[in-house]
1. Just to be sure I understand, how many residues within the stretch 117-157 are part of a helix (DSSP H, G or I) and more than 23 Å from Glu187 (Cβ to Cβ)?
2. Just checking, does the stretch 73-88 include any residue being under 24 Å from Ala2 (Cα atoms) and within 13 Å of the ligand (Cβ to nearest atom)?
3. Answer yes or no as to whether Ser106 is of a type in the set (Gly, Ala, Ser), touching a residue at least 12 places away in the same chain (Cβ under 8 Å) and within 16 Å of the ligand (Cβ to nearest atom).
4. Go through the stretch 64-90 and give me each residue that's surrounded by 15 or more Cβ atoms within 10 Å (Cβ to Cβ), more than 16 Å from the chain's Cα centre (by Cα), under 16 Å from Asn23 (Cα atoms) and free of Cβ contacts under 8 Å to residues at least 40 places away in the same chain.
5. Asp44 passes all but one of (1) in contact (Cβ under 8 Å) with a residue 12 or more places away in the chain; (2) over 23 Å from Thr191 (Cβ atoms); (3) away from the ligand (no atom under 13 Å from the Cβ); which number fails?
6. I want to confirm something. Restricting to the stretch 1-27 and keeping residues that are of a type in the set (D, E, K, R) and within 12 Å of the ligand (Cβ to nearest atom), which single residue is surrounded by the fewest Cβ atoms within 10 Å (Cβ to Cβ)?
7. Just need a number here: residues in the stretch 91-112 that are crowded, with 17+ Cβ neighbours inside 10 Å, of a type outside the set (S, T, N, Q) and within 24 Å of Ser178 (Cβ to Cβ).
8. Could we say that Leu129 is touching a residue at least 12 places away in the same chain (Cβ under 8 Å) and surrounded by 17 or more Cβ atoms within 10 Å (Cβ to Cβ) here?
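Values in this text are rule-based calculations from the coordinates and carry no lab data. Since we're looking at a predicted model, the values are computed, not measured. When we count neighbours, we look across all protein chains shown, and the Cβ atoms used for this are built from the backbone with ideal geometry, even at glycine.
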Amino acid sequence: MARYKLHCFAESGNAYKAALMLNLSSADWQPVWVDFFNQAHKSDEYLQLNSLGEVPVLETEDGNFSQSGVILDHLADRLDCFKGKNEVDKREVLRWLFFDNHKFTSYLATLRFMRHFGKTGETEVVKFLHGRVTGSFSTVENHLQERDFIVGSYPTIADISMCGYLFFLDEAQIDLASYPAIAAWLERIKTLPGWQHPYDLMPRSAVS
Ligand SMILES: N[C@@H](CCC(=O)N[C@@H](CS)C(=O)NCC(=O)O)C(=O)O
């Protein structure tokens, strides 16, 4: 049995953050597919695993963890990689994890869901989300003009978290042409040994 079991589905950028970390770290892991589009994450069985009713969950020898940021933090500690190298960088990693969860992933994931899976058309809500996404992209673009990775010269879990939905940008209908520093950063992430696209790393639903 693998050391880590990741409850996930390939369309999930949040699950991808954990899967990518596991793969980049050469960890012994296996995916456990969650039938998200049939609401498996709201079943009694799944709620026993994660009372938040969210994907991902990582099963480990220390216990089960949910929230991708918590999972990344745990793995960085346990596997001793992709951590901040000093006190300032450690806080910088946390700063960007919070930013990602609040302003970056949250709006982008919802925008992509509405456009690609919900097929809602360009409603007022979609237009609002598009504005929030492009605003946060500008912030990240400015930040990355000065550095190769989120905290500086080396990759950390902040990069792994922030890039979670950026390999689905076609589905979100966001064009990177206006964000060359983000595009270059993504190319750097793709060269890390063990990088794979989310659709190659986790089981995919038949309906997506
Ligand atoms: N902040 C959480 C977000 C997790 C999340 O929202 N996951 C989605 C799938 S990508 C989900 O399970 N949504 C179900 C729901 O919101 O009820 C994390 O980083 O893990």
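1. Looking only at the stretch 117-157, we keep the residues that are part of a helix (DSSP H, G or I), and these are 117-118, 124-144, 157.
Remaining after also requiring more than 23 Å from Glu187 (Cβ to Cβ): 117-118, 124-132, 135.
Selection size over the stretch 117-157: 12.
2. Here is the first cut: in the stretch 73-88, the ones under 24 Å from Ala2 (Cα atoms) are 73-83.
Right, trim to within 13 Å of the ligand (Cβ to nearest atom) and you get 73-74.
Yes; the residues of the stretch 73-88 include at least one that is under 24 Å from Ala2 (Cα atoms) and within 13 Å of the ligand (Cβ to nearest atom).
3. Values: of a type in the set (Gly, Ala, Ser): yes; touching a residue at least 12 places away in the same chain (Cβ under 8 Å): no; within 16 Å of the ligand (Cβ to nearest atom): yes.
It is false that Ser106 is of a type in the set (Gly, Ala, Ser), touching a residue at least 12 places away in the same chain (Cβ under 8 Å) and within 16 Å of the ligand (Cβ to nearest atom).
4. Of the stretch 64-90, the ones surrounded by 15 or more Cβ atoms within 10 Å (Cβ to Cβ) are 65-69, 71-76, 78-79, 81-84, 89-90.
Now narrow it down to the ones that are more than 16 Å from the chain's Cα centre (by Cα): 78-79, 81, 83-84, 89-90.
Subset that is under 16 Å from Asn23 (Cα atoms): 78-79, 81, 83.
Once the filter is applied, which keeps residues that are surrounded by 15 or more Cβ atoms within 10 Å (Cβ to Cβ), more than 16 Å from the chain's Cα centre (by Cα), under 16 Å from Asn23 (Cα atoms) and free of Cβ contacts under 8 Å to residues at least 40 places away in the same chain, the stretch 64-90 yields only Arg78.
5. Among (1) in contact (Cβ under 8 Å) with a residue 12 or more places away in the chain; (2) over 23 Å from Thr191 (Cβ atoms); (3) away from the ligand (no atom under 13 Å from the Cβ), the lone unmet condition for Asp44 is (1).
6. Taking the stretch 1-27 and keeping what is of a type in the set (D, E, K, R), we get 3, 5, 11, 17.
Applying the additional criterion that residues be within 12 Å of the ligand (Cβ to nearest atom) yields 11, 17.
On the way: Glu11: 23, Lys17: 27.
The residue in question is Glu11.
7. Summing the residues that are crowded, with 17+ Cβ neighbours inside 10 Å, of a type outside the set (S, T, N, Q) and within 24 Å of Ser178 (Cβ to Cβ) in the stretch 91-112 gives 9.
8. Numbers: touching a residue at least 12 places away in the same chain (Cβ under 8 Å): yes; surrounded by 17 or more Cβ atoms within 10 Å (Cβ to Cβ): yes.
Criteria met by Leu129.
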